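Engineer: Dumping the structure here so I can ask a few things about it.
The values are calculated or read from the model by the stated rules, or taken from the named source; none is laboratory data. On a predicted model such as this, the values are computed, not experimentally measured, just so you know. All Cβ positions, glycine included, derive from the backbone under ideal geometry; neighbour counts span all protein chains shown. For the accessible areas, the whole protein counts, side chains as well, though only heavy atoms, and no ligand, DNA or RNA atoms are used. Shrake-Rupley method; radii C 1.70, N 1.55, O 1.52, S 1.80 Å.
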Amino acid sequence: MQHGNLLKVSQIARYDSGKGAAGTEIMAYDAKTQKAFVTNGAVSGFDILSFADLESGKFTEVASQKRLLLADFGVEDVKDITSIAVHPTRDLVAISAARNDKTDKGYIVFVNKNGGFLSSVQVGSLPDMVTFTPDGTKALVANEGEPSQDYSVDPEGSISVIDVTGAPAGFTAKELTFSEDLIDDKVRVSSRGSKLEQLEPEYITVSADSRTAYVAMQENNAIATIDLVEEKIVSVKGLGVIDHSVEGNEMDAIKDGEIKIEKQPILTYHLPDAISTFTVGGNEYIITPNEGDTRDWDAYSEEKKVGKLGEIELKAENYAGYTQEELDAFDVGLLEDFKVTTESGYNEETGKYEALYGFGGRSFSIFNAETMELVYDSGNEFETITKEAAPEYFNSDNEEVAKDDRSNSKGPEPETAVTGVINGKTYAFIALERFGGIMVYDVSNPASPSFVSLLSSRDFSVTQFAGDLEGDDAGKFAGDVSPEGLQFIPANQSPTGKALLAATHEVSGTVAVYQFE
């Protein structure tokens, strides 16, 4: 399915891990060898694919050349692969691996591009993402430091910096930790535990000059800035909220089987996941897919439906689009199933909630990387576009096709974003995890992006998730479902000579490769 026609797009290849859910999650591409490295969480390993035979005008079923397991490398007590990255010039691939007990320190495993083990380096707790700097001198790791389910342990999040200029056997990690003086007032640190325990680095993007890294801290609704020259954390800045009472920010917040995109007395935190940077006119920008996430563990959860909150008395001072008279007349019962945080909007003196704060903006935003000021937000466009393109599948889940199923939670749920240049124009690609599509925007003017196309190779005729399928049963899950990671391949690095976008789909365990003309 393609909606929009400003770019000619075709799916030219597909890889099926044969493992169903978690069979593919994150992919890294090496232009020199034309190999793709894909994490396979279902087997605690990764697959090496070849894109060398991809051709324009021909659909190719890609096969795995080699499948390697973490157990093959002798790294003990490690099960979950979270990320993979390819060095820009050297014969080096980095894999982030969390321990069986995620609160223990994890590892970065280094292999060559044939999958041969080189070394491993211990890093912080729950390494969730690894990337190389564009100049190839460092590997950077976001150590999320999630708490245990019973909250008996809650490690502090950190950033690991690994100097990779020497021989792999000599790689060591420097761990950068946070301090309270770096945290501004907008950062979400009102959950259980100390401020520093709550900071959870999720994803890293690096400036083109390799001097600065920006780290998404999803649950904290913040971005940390890292000085890579001095190797120190500079700041942690909160991203603020999106006011859904304002024109252009309307949303469907009610799960009733109908499409009703309308203004609501709801404020949502951006809570971005996989961010990306791009440069226009000499200025660096950060693009955030505003997915949403919560601290939701056995021993503590901030998430609750509006109908379970207790007394609510909304105040107009919290919203730009309502008068107090309108709020007094508003039937909050309509939102009884909408999920909000218990940590915001509560007045301790009155014992009432005076504002409703939800998770994830259902949009993408662009921030000035230097000032962290908001430049643009797409508002209600994702829901408006999917309503027009696929009304019967509006706000469907990734595990079941059911119209309006996700409206009371995080809607289409933008998961990840990448950017790339095609014929001199800069485009942003934003994956919608639940709906199962990819939004394409022209961001050549960061203050005024324009929608280009909606891509999806999900087969919506399959209406029910079939579970964790393996082997012959895996084919029962049709199409590419739940894009988790995106990899843009520019024309000068592409085997076809034209720009490609590879999307790893977590639920179907597949990779879809799209070509742009």
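Engineer: Can you give me the % of accessible surface on the chain that is carbon or sulfur? Probe 1.4 Å, all protein chains present, nothing else counted.
Structural biologist: 42 percent
Engineer: What whole-number value in Å² describes the accessible area per residue of the range 101-197 for a 1.4 Å probe?
Structural biologist: 39 Å²
Engineer: To continue, here is another question. Placing +1 at every Lys and Arg Cβ and -1 at every Asp and Glu Cβ, with all other atoms neutral, what dipole size does the chain have around its Cα centre, in debye to the nearest 20?
Structural biologist: Once rounded to the nearest 20, the dipole reads 2020 debye.
Engineer: Using +1 at the Cβ of each Lys and Arg and -1 at the Cβ of each Asp and Glu in the range 67-149, identify which of L140, V78, L92 lies farthest towards the dipole's positive end.
Structural biologist: Going by the charge dipole, the pick is L92.
Engineer: Restricting the calculation to Cα positions, tell me the Rg (one decimal) and the Dmax (whole number) of the range 104-143 in Å.
Structural biologist: In Å, with Rg to one decimal and Dmax whole: 10.8, 31.
Engineer: OK, next. Roughly how many debye, to the nearest 20, is the charge dipole of the range 255-401 about its Cα centre, given +1 on each Lys and Arg Cβ, -1 on each Asp and Glu Cβ, and no other charges?
Structural biologist: Its charge dipole is roughly 120 debye.
Engineer: Rounded to the nearest 500, what is the chain's calculated 222 nm mean residue ellipticity when only DSSP H runs of at least 4 contribute -39500 (n - 2.57) each, over all residues?
Structural biologist: Theoretical 222 nm ellipticity from helices: -1000 deg cm²/dmol.
Engineer: Among the listed pairs K19/K113; K186/K304; K66/K232, which are separated by more than 27 Å between their Cα atoms?
Structural biologist: K66/K232
Engineer: Which of P127, F59, N114 sits farthest toward the positive end of the charge dipole of the range 1-147, with +1 on the Cβ of Lys and Arg and -1 on the Cβ of Asp and Glu?
Structural biologist: F59
Engineer: Right, next: Could you tell me the calculated FRET efficiency between N112 and A491, based on Cβ-Cβ distance and R0 = 25 angstrom, to the nearest 0.05?
Structural biologist: 0.40
Engineer: Would you mind pulling out the separation of the Cα centroids of the range 477-493 and the range 429-453, in Å?
Structural biologist: The distance from the Cα centre of the range 477-493 to that of the range 429-453 comes to 14 Å.
Engineer: Let me ask something additional. Taking 8 Å as the Cα distance limit and 6 or more residues as the minimum spacing, I'd like the relative contact order of the range 272-347 as a percentage.
Structural biologist: 26 percent
Engineer: To continue, here is another question. With label points built 7 Å along Cα→Cβ from the Cα atoms of S235 and K425, find their separation and express it in nm.
Structural biologist: About 3.3 nm, to one decimal.
Engineer: Set the Förster distance to 30 Å, then compute FRET efficiency between Q324 and S450 from the Cβ-Cβ distance, nearest 0.05.
Structural biologist: For R0 = 30 Å, the calculated efficiency reads 0.20.
Engineer: Arrange the peptides 394-402, 198-206 so that the one whose residues have, on average, the most other Cβ atoms within 10 Å appears first.
Structural biologist: Highest mean packing first, the order is 198-206, 394-402.
Engineer: Let me ask something additional. Going by average Cβ density within 10 Å per residue, which order do the peptides 433-441, 43-51 take, highest to lowest?
Structural biologist: Ranked from most to least packed, the peptides come out as 433-441, 43-51.
Engineer: Compare the Cα positions of V332, S450, Q198 along the charge dipole of the chain (+1 at Cβ of Lys, Arg; -1 at Cβ of Asp, Glu; about the Cα centre) and return the one farthest towards the positive end.
Structural biologist: Checking the options against the dipole of the chain, the answer is S450.
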